[in-house]
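All of the numbers you see were taken from the coordinates with simple rules; none came from a lab. Nothing here was measured: the structure is a model prediction, and the numbers come from that model. Note that we place each Cβ from the backbone using ideal geometry, even for glycine, and neighbour counts take in every protein chain shown.
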Amino acid sequence: MSDPHFYEPAQGHGLAHDPLNAIVAPRPIGWISTVSAAGVRNLAPYSFFNVFNYRPPLIGFSSMGWKDSVANIAETKEFVWNLVTRPLAEAMNASATDAKVDEFTAAGLETRASRLVAPDRVAASPVTFECRLTQLIRLQTKEGRELDQWLVIGEAIGIHIDRAMLEDGVYQTARAHPIMRGGGPADYFELGELFRMRRPTS
């Protein structure tokens with residue numbers, strides 16, 4: 001018989017660690033590169049990230065606080081998403097800093113110029129999306145109280161895929177060894193076992 005731990009988030013969870021992001025997990029990582037209007041580069045990972053639409057392709061991430069990534073996107077209306085793979089995990093982690101540094105340089109990452117937007121791409125990332133801002137939304141509570149939480153949605157206007165990730169025209173998700181964020185303070189996952197299941201036709 002189930003013995004649920006019930007809590008009302010407004011009253012606290014009563015556990016050693018907030019379970020919310022451990023339950024909604026693993027989550028893809030939004031490794032976002034931007035550049036300010038003054039030309040200062042920034043690279044930062046966001047675990048509140050996903051894809052929201054096919055055509056046009058829309059992706060989004062949410063930032064706790066008005067951080068450099070959000071400020072740069074608000075200024076320039078551009079950003080790049082870089083796929084984080086297992087070989088890039090340590091560099092991604094090194095870029096998760098609030099220090100006023102060039103994270104590309106601090107993490108020892110080579111870059112490639114984008115074709116359609118100003119921010120650089122992570123050269124070793126097998127997939128990158130060049131994006132233009134479509135919406136910048138300040139999140140609110142159910143009462144309408146504004147939070148210091150910002151949802152950035154962008155349209156991918158240019159997509160780079162390493163051809164080694166393709167087989168017979170189909171992208172091989174596991175081949176890139178993507179990693180995802182877990183819920184604990186240091187939990188990450190590499191893509192696990194594959195199984196296939198077709199959607200119903202009617």
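Things worth noting here:
- Residue within region 131-149 that is under 17 Å from L43 (Cα atoms) and either among the hydrophobic types (A, V, I, L, M, F, W, C) or loosely packed, with under 12 Cβ neighbours inside 10 Å (or both) present: yes
- R27 being buried (at least 16 other Cβ atoms within 10 Å of the Cβ), touching a residue at least 24 places away in the same chain (Cβ under 8 Å) and among the basic types (K, R): yes
- In this structure, Y7 does not satisfy being surrounded by 15 or more Cβ atoms within 10 Å (Cβ to Cβ) and without any contact (Cβ under 8 Å) to a residue 24 or more places away in the chain.
- Residue pairs meeting the criteria (Cβ under 6 Å; at least 6 apart or on separate chains; first touching a residue at least 60 places away in the same chain (Cβ under 8 Å), in region 113-127; second in a loop (DSSP other than H, G, I, E, B)): R121/S114; V122/L109; S125/L83
- Some residue of region 98-115 being among the charged types (D, E, K, R) and within 22 Å of L166 (Cα to Cα): yes
- Some residue of region 186-193 being in contact with a helix residue (DSSP H, G or I) (Cβ under 9 Å, 6 or more places away or on another chain), surrounded by 14 or more Cβ atoms within 10 Å (Cβ to Cβ), free of Cβ contacts under 8 Å to residues at least 40 places away in the same chain and within 28 Å of M64 (Cα to Cα): yes
- In this structure, L147 qualifies as among the hydrophobic types (A, V, I, L, M, F, W, C), more than 21 Å from H177 (Cβ to Cβ), assigned to a strand (DSSP E or B) and out of contact with any helix residue (DSSP H, G or I) (no Cβ under 7 Å at 6 or more places or on another chain).
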